[in-house]
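Okay, so here's the structure we're looking at.
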């Protein structure tokens, strides 16, 4: 899953263009990051995720990729099967993250 915000600056410039720089003399910019879910963020509230997303956006990040969502013994989404509930601690992390995305200006695209 990635959260993506269109940025016209990425298409401007000539030279190499795109995300790897804006052209001659314009240094490349970091515009994407990964989020690795851990127990440290497992119980983040919607407001905490919104604050994190807003900070990333202020830094020029327009793409956030969630690397993985479960690895036994932890699943970062609410389990909907007995098998998953029996093997894993489950959290509503993804549900809160997606709700936070809805409350910001980040359009959501799936990849």
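Nothing in this text is a laboratory measurement; each read-out follows from the coordinates by a stated rule. Everything quoted here is computed from the prediction, not taken from an experiment. Note: ideal-geometry Cβ built from the backbone for every residue, glycine included; neighbour counts use all protein chains shown.
The residues of region 37-46 that are more than 12 Å from the chain's Cα centre (by Cα) and either in contact (Cβ under 8 Å) with a residue 24 or more places away in the chain or on the phi > 0 side of the Ramachandran plot (or both), listed by number, are 39, 41, 42, 43, 44, 45, 46. Within region 55-64, is there a residue that is in a loop (DSSP other than H, G, I, E, B), in contact with a strand residue (DSSP E or B) (Cβ under 7 Å, 6 or more places away or on another chain) and without any contact (Cβ under 8 Å) to a residue 40 or more places away in the chain? Among the residues of region 55-64, at least one is in a loop (DSSP other than H, G, I, E, B), in contact with a strand residue (DSSP E or B) (Cβ under 7 Å, 6 or more places away or on another chain) and without any contact (Cβ under 8 Å) to a residue 40 or more places away in the chain, which makes the answer yes. Taking the listed residues 50, 78, the one that is within 19 Å of residue 32 (Cα to Cα) and touching a helix residue (DSSP H, G or I) at 6+ places or on another chain (Cβ under 7 Å) is 50, with no other qualifying.
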